[in-house]
């Protein structure tokens, strides 16, 4: 019986101390980890879309609720005006969800650019959506008024050869983003004023 | 068979070098040695866990009841592994992306538990510290050596500080089999064979 109690006490104390230590370390690294994830996973896409921004889009971020989903928006200040915003949506690709960062040029009502963040597409085929800049370059300066589609579906985007599903996923993610943008346009405009 | 204090440290570098002499902990050895950088990262992470858990287990060896010792060791080891994971995410995120699942898997690395059970639970703090350090450095060196062979033959480059350095000249045809999973077994086997040849008396 005494041994039993000793086992209980030792294990409990050990687990409690371990929990306390880890909680303390987690508290101290949480913000840094969040920044690192943004920087390395979403950062490259954001920076390539918001090329020429004079601010740090990752630092200048805010969250808005759209249809009960909390979304993070990254602001790009160009020529002294917070004229662009990017946020992430996703589409169903061949190997799972394709995460897409979509940038919108608020002033000219155009797509600023898109960039793939996370994906599990086939290397050399669908993965080209991320590695080959010429595909996503087609989205630049398209009007936000009408949905984008691949040429096979009556649109203007040339699909990556051998990766129609991936190309469609990116188009549908872009269209989702356009819909979200339409919904929150007024709120977003208010928010953007804060970055002047 | 009492060893001197210096021997506690140096045994990990050759006599008991984990992957080659003890043939322990092969999961990370085979999985992360695609490039030298990954090998060193994994080695340093494991060394940290080894040293810390060895010291703590040795400190607590008279307090921990024999019947729940393994559970206690695992709690201690898992704590340090999580510390490594958090710190690596915060300060070396690209490395964390490459090592991925293998960092949390250090918990079940039999080298770490093996040292706690076989050494630290029976020896003093200082000896346990040296033992952990020696085995850890031996592990790091083995990983780096294996990774260097695989990366050199597989790609012709050596990656140091995230910059690939061309070593074998432009005419070298990369032997990409070596950076694939089966290449790990072949490279490990050949290196084991080499070490046994050299170590033969």
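Computed from the coordinates by the stated procedures, all read-outs in this text should not be read as laboratory data. Just so we're clear, the structure is a prediction, and the values are computed from it rather than from any experiment. All Cβ positions, even for glycine, are placed from backbone atoms using ideal geometry, and neighbour counts span all protein chains on display.
Could you list the square roots of 5 times each eigenvalue of the Cα gyration tensor of chain A, that is, the equivalent ellipsoid semi-axes, sorted largest first and rounded to whole Å? Provide the component values of the computation, followed by the final result.
On the way: eigenvalues 326, 107, 42 Å².
They are 40, 23, 15 Å, listed largest first.
Taking the DSSP bridge list for chain A and keeping only pairs wholly inside it, about 95 percent are antiparallel.
Per residue of chain B, what 222 nm ellipticity follows from adding -39500 (n - 2.57) for every DSSP H run with n ≥ 4, rounded to the nearest 500? The partial results should precede the final answer.
Details: 8 runs with 123 residues, N = 201.
Rounded to the nearest 500, it is -20000 deg cm²/dmol.
Just for the protein assembly as shown, what percent of DSSP beta bridges are antiparallel, to the closest 5?
Details: 31 of 32 bridges.
Close to 95 percent.
Shape summary of the protein assembly as shown, radius of gyration then Dmax from alpha carbon positions: 26.6, 82 Å. The alpha carbons of region B:5-141 stretch over 41, 29, 22 Å along the principal axes, in descending order. Principal-axis analysis of the Cα atoms of chain A puts helix A:2-37 at an angle of about 20° to the longest axis.
With a ≥ b ≥ c taken as the square roots of the eigenvalues of the C-alpha gyration tensor of region A:20-77, please select rounded if a/c is under 1.5 and otherwise prolate if a/b is larger than b/c or oblate if it is not? Oblate.
Calculated [222 nm] ellipticity per residue, helices only, for chain A: -14000 deg cm²/dmol; basis is -39500 (n - 2.57) per DSSP H run with n ≥ 4, divided by all residues, nearest 500. Extents of region B:143-201, taken as max minus min of Cα coordinates on every principal axis and listed largest first, are 40, 22, 20 Å. Working from Cα pairs under 8 Å separated by at least six residues, relative contact order for region A:1-73 is 15 percent.
Relative to the longest principal axis of the Cα atoms of chain B, helix B:36-59 runs at roughly 0 degrees. Taken along the Cα-to-beta-carbon direction at a fixed 7 Å, the label points for residue A:146 and residue A:185 span 1.7 nm.
Using only atoms on other chains, find how many Cβ atoms lie within 10 Å of each Cβ of peptide B:93-100 and report the average. List each step's numbers first, then the result.
On the way: counts 8, 3, 0, 4, 4, 0, 0, 0.
If you average over the peptide's residues, the count of other-chain Cβ atoms is 2.
Annotation: for a label point projected 7 angstrom from Cα along Cα→Cβ of residue A:21, residues of region B:87-110 with backbone N closer than 18 Å are B:87-89, B:104-109. Extension gain for the segment residue B:125 to residue B:5, taken as residue separation times 0.36 nm less the Cα-Cα distance, is 42.0 nm to one decimal.
Pairs of Cα atoms nearer than 8 Å and 6+ residues apart set the relative contact order; for chain B it is 34 percent. Using a cutoff of 8 angstrom between alpha carbon atoms and counting only pairs six or more residues apart, the relative contact order for chain A works out to 16 percent. Net length available on complete extension from residue B:198 to residue B:163 is 9.3 nm, with 0.36 nm assigned per residue and the Cα-Cα distance removed. Ranked for footprinting exposure by Cβ neighbours inside 10 Å, fewest first, B:9, B:96, A:62 give A:62, B:9, B:96. Taking Cα atoms only, the orientation of helix A:164-193 departs from the longest principal axis of chain A by about 80 degrees.
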